[in-house]
Each structure stands twice: as C-alpha cells, then as structure tokens.
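The values are calculated or read from the model by the stated rules, or taken from the named source; none is laboratory data. Everything numeric in this text was worked out from a predicted model, so none of it was measured. Because the Cβ atoms are built from the backbone with ideal geometry, glycine has one as well, and the counts that use them run over all protein chains shown. For accessibility, only protein heavy atoms count, side chains too; no ligands or nucleic acids. Shrake-Rupley method; radii C 1.70, N 1.55, O 1.52, S 1.80 Å.
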Amino acid sequence: MTMDFNFYMEDITKQARSEMEASGYEQLTTPEEVEAAFKRPGTTLVMVNSVCGCAGGIARPAAAHSIHYDKRPDHLVTVFAGQDKEATAYARMLFGEDHLPSSPSFALLKDGKLVAEVGRYEIEGHDPMSVVTNLQSQFEEHCEEI
C-alpha cells in the first residue's frame with residue numbers, strides 16, 4: 001500500500017484551516033495580509049496553527065472555546081506554521097525579538113504590539129480547558145468587553 005504524502009498533508013491542512021475558519025479566525029497566508037491585520041487598531045489574537053497533535057487536540061479547541069467570554073479580542077487571525085511559511089515568519093518577526101517561535105502558539109496584540117503569549121510549552125501536555133483559562137486571563141487583562 002502506498003500513500004501520497006502530499007495528499008495526506010493537504011487533507012490534514014484543509015481540516016485544520018476549516019476548524020479555525022469555523023471558529024471565526026481569518027486565515028493570513030501572505031506577509032502582506034499579516035502586515036495589514038497587525039495594523040488594525042484594538043486587540044488581535046493570533047493563533048499559530050500547526051498539523052501536530054497538540055494543535056488538533058488542544059490548541060484549536062482552545063482557540064474555538066476561549067472566545068466565548070465577556071472580554072475577547074477585536075480580531076481573530078491565524079497563520080499556519082509549515083504551510084504558509086512566509087506569512088508565519090513575518091508574523092514572528094513582528095512579534096519582536098523576545099518572541100520564542102513555537103507552534104502551536106498564541107500571541108495577543110494590542111494596537112499591533114505584542115502584549116501576551118501562550119507558547120507550545122503551555123499547550124503541549126496540558127488539557128484544552130487550562131489553555132482556555134490561560135487565554136481568557138489574558139483577555140481579562142488586555143481586552144474590552146464585547
């Protein structure tokens with residue numbers, strides 16, 4: 001039995017993208033889209049998506065559920081590590097020098113500036129609700145009630 005790796009990856013990637021879009025996140029696939037999104041006023045939650053198990057089992061469910069809260073970001077966006085490489089690299093550059101690249105991860109921006117992060121080490125090995133709680137504590141501190 002042979003399996004076409006590209007077909008397999010396209011299927012997984014399509015599913016991962018659709019989960020984020022169904023949750024209300026905008027896909028940023030180019031550096032230009034990243035730049036435009038990061039210039040928006042207000043708060044922006046950036047989810048750095050991935051095809052790994054902790055993205056599918058923890059991070060994407062947390063991304064979907066965390067936004068059901070009184071305070072939440074004004075904008076929800078996602079870049080896809082390993083798939084939209086230039087967009088992801090540009091986003092990570094804009095996060096600043098102190099940002100430690102990891103995927104999956106979350107970055108919370110306020111008026112384009114990084115104010116909080118949830119790295120892979122705070123996702124992998126944790127349950128989705130602990131990540132939701134972590135994200136919502138950042139929303140409580142940096143976001144307005146919607």
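The magnitude of the dipole of the chain, with charges of +1 and -1 set on the Cβ of Lys/Arg and Asp/Glu and taken from the Cα centre, is near 60 debye.
Within the straight-line cut-off of under 15 Å between alpha carbons, the aspartates and glutamates reachable from LYS71 are GLU140, GLU141, GLU144, GLU145, sequence neighbours fewer than 8 places apart in one chain being disregarded.
Taking every DSSP bridge with both residues inside region 18-146, close to 60 percent are antiparallel. Helical runs assigned H by DSSP (4 residues or longer) give the chain a calculated mean residue ellipticity at 222 nm of -12500 deg cm²/dmol, each run adding -39500 (n - 2.57) before division by the residue total.
Considering every Cα-Cα pair within the chain, what fraction, in whole percent, is farther apart than 21 Å? Distances greater than 21 Å cover 38 percent of the Cα pairs. Note on the chain: with a GNM built from Cα contacts shorter than 10 Å, the maximum mean-square fluctuation among LEU100, LEU28, LEU76 falls on LEU100.
Here the accessible area is traced with a 1.4 Å probe on the protein chains. For the chain, carbon and sulfur cover 52 percent of it. Note on the chain: with a GNM built from Cα contacts shorter than 10 Å, the maximum mean-square fluctuation among VAL115, VAL48, VAL34 falls on VAL115.
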